[in-house]
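All remarks here apply to the structure that follows.
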Amino acid sequence: TLSCAQPSTAAEGPPQTRASAVNVPGLVPEPVSVQAAGGTYEITAATRIVVPTGDGFRAASGLAAVLRRSTGFPLPIVRSGTGIVLDAGGGVGHGDEGYRLTVSTDGVLIRADSGEGLFRGVQTLRQLLPAAVESRTRQPGPWKVAGVEIEDYPRFAYRGAMLDVARHFFDVGEVKRYIDLAVAYKVNVLHLHLSDDQGWRIAIKSWPRLTTVGGRTAVDGDPGGYYTLAEYKDIVRYARERYVTVVPEIDTPGHTNAALASYAKLNCDGKARKPYTGTDVGFSSLCTGKEITYRFLGDVVGELAKITPGPYIDLGGDEAQSTQHADYVAFVDRVQKIVHRYGKSLMGWEEIAGAHVSPDSVAEHWNPVTGTQEGTENAREAAAKGVKLVMAPADHAYLDMKYTASTPLGQDWAGLVEARDSYDWDPARLITGVGEDDVLGVEAPIWTETLRKPADLEFMAYPRLPGIAEIGWSPASSHSWADYRTRVAAQGPRWTAASVDFYRSPQIPF
Ligand code: TNX
């Protein structure tokens, strides 16, 4: 479903406004249409979650998990009756991720054509409830939902969060929490940056030193780490239960010092590199002329493809300043074939557009809009080759950029990115020659050179990640900073309830 974006209802006409929805709390992302209706529904100790078809089970258990811990109610999941009904019976016509949500005095009804649509609808329902519903402990209530009628489906198929676990390592529990917080905003891709100069984070059976040597280091000599096969599978399963696709990235041919330190034979001179714990980029390269390089990547991609149900294997391709351009092109051409051999499509940073990329490949635009022309050219070239783009321009979408000059964490090479900067852009209007149909979606990368612990990630991601998620989900016609800032303000008490240490941007009336 990730590769075929268009909702079936795109031709229904312009989205309606929510002018009459005065008593409906601020929602992020803004749905296609919100109409206030009469009445109020109250969740009580007697409420049941009703799933008439098997396809609704993941959405139901996700909802039950949130509601049970904060309300303390049993909320059994049953096959028939009234209450909160999650019906994947179809006939809605809003595509795989679309849904219709109706709240009346009698109950809540979410209808969709698939379990995935129900899961997205459940995220909206969470935001219709009081903020305390996000608490990890039992709260007093009451748990009332205002009457409403919502029609909704995404603008783009791909709405990603990229997490760099190479510069600093984040364990399985920490990754799960990052997923949990992001799915509330209808994020549906977790892109894991699993290797870089400073560390290799995924066990590869046929190349064990990648983790025993390459996995040991991190930026500034901080502790390393890596995922065992079982742990990676656990992340994939956890994501899948939440309709999130994992895109694993092994960065190549640059950003490879950890691999080059693990195996001497991967280096052109046959000498192992020293482990690296600094933060420079562009100095390492796999030996593109050596056959062993492609045997190595064949093994890595083969093992990864086996445990990755999603359609993409990401082989990086960024900042290959230590690789000659002709060698780079030949390298990307060859690794694209390797990825195809294992039944997957190649994803990479936008520089891969310079190679002979096939239309199933996906390029991620990351260069800032302001500054060098190079990124813009890469993105345009990708579009011209029929390669779809994931838009993650650093000056809007990078969650590791400082908000202001005094933000204690983060970097500023792409400029300062306040809440408004992260929200105020349109992926289909950023670059001439890259239009709506060229865009697969958006992504918010978080690079972790300066970020060591989950609280660091959360401070940088909130409130910016929900803004990127809204750009990927909501109709372009509803885009409005003035409206968004009040809706995102309503998320503040939710983050407080979930113990998220977010940045209280003065631009947002928290
Ligand atoms: C650029 S963006 C990089 C990363 C850094 C990041 C820091 C990209 C494709 N490469 O290696 O971590 O900047 O903001």
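Checking the conditions here, which among P493, P466 is in the same structural domain as A363 (by TED's automatic domain parsing) and not in a loop (DSSP other than H, G, I, E, B)?
Values: P493 fails: in the same structural domain as A363 (by TED's automatic domain parsing).
Just one listed residue meets the conditions, P466.
Please go through the range 390-408 and give me each residue that is within 21 Å of the chain's Cα centre (by Cα), in a loop (DSSP other than H, G, I, E, B) and more than 12 Å from the ligand (Cβ to nearest atom), ordered by number.
Y403
For the range 288-304, state whether one or more residues are farther than 20 Å from V246 by Cβ, in the same structural domain as I235 (by TED's automatic domain parsing), in contact with an Asp or Glu (Cβ under 9 Å, 6 or more places away or on another chain) and more than 16 Å from the ligand (Cβ to nearest atom).
Within the range 288-304, one or more residues are farther than 20 Å from V246 by Cβ, in the same structural domain as I235 (by TED's automatic domain parsing), in contact with an Asp or Glu (Cβ under 9 Å, 6 or more places away or on another chain) and more than 16 Å from the ligand (Cβ to nearest atom).
Criterion first (away from the ligand (no atom under 14 Å from the Cβ) and either outside any helix (DSSP H, G or I) or among the basic types (K, R) (or both)) does G348 satisfy it?
Details: away from the ligand (no atom under 14 Å from the Cβ): no; either outside any helix (DSSP H, G or I) or among the basic types (K, R) (or both): yes.
Criteria not met by G348.
I'd like the residue in the range 193-224 that is in a strand (DSSP E or B) and away from the ligand (no atom under 14 Å from the Cβ) and, out of all such residues, is farthest from D234 (Cα to Cα).
W200
Of the residues A397, A392, A383, which single one is without any contact (Cβ under 8 Å) to a residue 60 or more places away in the chain, of a type in the set (A, V, I, L, M) and either assigned by TED's automatic domain parsing to the domain that holds N188 or crowded, with 21+ Cβ neighbours inside 10 Å (or both)?
Within the list A397, A392, A383, the selection yields A383.
Have a look at D333, D269, D299 and point out the one that is in a helix (DSSP H, G or I) and free of Cβ contacts under 8 Å to residues at least 40 places away in the same chain.
None of the others qualify; the one that does is D333.
When you scan the range 355-366, do you find a residue that is over 28 Å from K306 (Cβ atoms) and either away from the ligand (no atom under 12 Å from the Cβ) or part of a strand (DSSP E or B) (or both), even just one?
yes
Looking at D234, D251 in this structure, which one is under 30 Å from L440 (Cα atoms) and touching a His at 6+ places or on another chain (Cβ under 8 Å)?
Sole residue among the options that is under 30 Å from L440 (Cα atoms) and touching a His at 6+ places or on another chain (Cβ under 8 Å): D251.
List every residue pair whose Cβ atoms lie under 8 Å apart, where the two residues are 6 or more positions apart in sequence or sit on different chains, the first residue falls within the range 443-457 and is of a type in the set (G, A, S), and the second residue, located anywhere, is assigned to a strand (DSSP E or B) and within 14 Å of the ligand (Cβ to nearest atom).
Going by the 8 Å Cβ cut-off, the qualifying pairs are A444/G160; A444/M162.
Name the residues in the range 444-492 that are within 15 Å of the ligand (Cβ to nearest atom), acidic (D, E) and either under 14 Å from W425 (Cα atoms) or touching an Asp or Glu at 6+ places or on another chain (Cβ under 8 Å) (or both), would you?
Answer for the range 444-492, where residues must be within 15 Å of the ligand (Cβ to nearest atom), acidic (D, E) and either under 14 Å from W425 (Cα atoms) or touching an Asp or Glu at 6+ places or on another chain (Cβ under 8 Å) (or both): just E449.
Taking strands (runs of 3 or more DSSP E) that do not extend beyond the range 24-108, which have at least 1 residues that are of a type in the set (S, T, Y) and under 30 Å from the mean Cα position of the chain (by Cα)?
33-43, 99-104
When the range 409-443 is examined, which residues are found to be more than 16 Å from the ligand (Cβ to nearest atom) and of a type in the set (S, T, Y)?
Correct list: Y423, T432.
The values are calculated or read from the model by the stated rules, or taken from the named source; none is laboratory data. Model, not experiment: these values are computed from the prediction. Virtual Cβ from ideal backbone geometry, glycine too; neighbours counted across all protein chains shown.
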